[in-house]
Structure formats: C-alpha cells, structure tokens
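The values are calculated or read from the model by the stated rules, or taken from the named source; none is laboratory data. Keep in mind the model is a prediction, meaning the values are calculated, not measured. As a convention, Cβ positions derive from the backbone with ideal geometry for all residues, glycine included, and neighbour counts pool all protein chains shown. These accessible areas exclude ligands, DNA and RNA; they are computed on the full protein's heavy atoms, side chains included. Shrake-Rupley method; radii C 1.70, N 1.55, O 1.52, S 1.80 Å.
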Amino acid sequence: ADPRLAASIRAMHHEPARSWTVEQLARTAALSRSAYFQRFTRAVGLPPMEYLLAWRMALAKDLLSRRRMVMEQVAERVGYASASTFSTAFARYVGRPPKAYARERMQTRSDAA
C-alpha cells in the first residue's frame, strides 16, 4: 500500500542475488536510511534485511523443490557467493540442509504421483 516501500520490495524481488544494503534500498524508496528502516519494519513486520533473507529462502525452497540444480547454482541465484555459505544459512533458516530438503520434496512428489 506504500508506494515508496513497494519500489524497494520490487527491487528486492527483481534482483534477489544483489548484495543489497539498507542504504541502497532506502534510496530506491527515496527515504533516509533510518526512516526507511522504521517505515519498512512497521509496514511489513520484519526489518528489510530479514525480509530479504525470507524472500531468498522462499526462492531457494522453490528452486530446490521444482528443479534439478546443483547447489552452487541455487546459491548464486539467491545471492550467496558459495554453496557452503548458502547451505549453512538455509539449514539455520529452514531447519535442515538444502540437500535433505530437496530429497524430502522429491520424495513427497513421487509419493503423490
């Protein structure tokens, strides 16, 4: 509902792999860094970088569920420089490593078929 915040959210969604900073996102919203942070957190319910992490993990889960990609490709698509860094972040966020998550999703799909 907030056009300024919408611009920054669209930017995150359009370029999830970019190394965003709060300052860069604030510029896309034409707000100061502190005003952006407060406004974003109040409107979305999460600070900007937590929202970006959640978006990246949602994309990663989708990629792991629907496509056969090597971990390096998934990591790169969602903004991580290495598969190991991505794997650690994914496991911390989702509660299991990406390979285990992908195996479970594949098994669930084959069981449903």
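Just one of the listed residues (ALA35, ALA91, ALA75) is without any contact (Cβ under 8 Å) to a residue 40 or more places away in the chain and touching a helix residue (DSSP H, G or I) at 6+ places or on another chain (Cβ under 6 Å), namely ALA75. Within the set LEU25, LEU53, the sole residue that is part of a helix (DSSP H, G or I), open to solvent by 50 Å² or more (accessible area, probe 1.4 Å), at pLDDT 95 or above and of a type outside the set (D, E, K, R) turns out to be LEU53. Among the residues making up the stretch 65-92, those that are loosely packed, with under 15 Cβ neighbours inside 10 Å and either among the polar types (S, T, N, Q) or under 22 Å from GLU50 (Cβ atoms) (or both) are SER65, GLN73, ALA81, SER82, SER84, THR85, THR88, ARG92. Filter the stretch 8-22 down to the residues that are under 23 Å from GLN73 (Cβ atoms) and either over 15 Å from the mean Cα position of the chain (by Cα) or in a helix (DSSP H, G or I) (or both) and list them by number. Answer for the stretch 8-22, where residues must be under 23 Å from GLN73 (Cβ atoms) and either over 15 Å from the mean Cα position of the chain (by Cα) or in a helix (DSSP H, G or I) (or both): ALA11, MET12, HIS13, HIS14. Number of residues in the stretch 49-66 that are farther than 18 Å from GLU15 by Cβ and in contact (Cβ under 8 Å) with a residue 12 or more places away in the chain: the value is 3.
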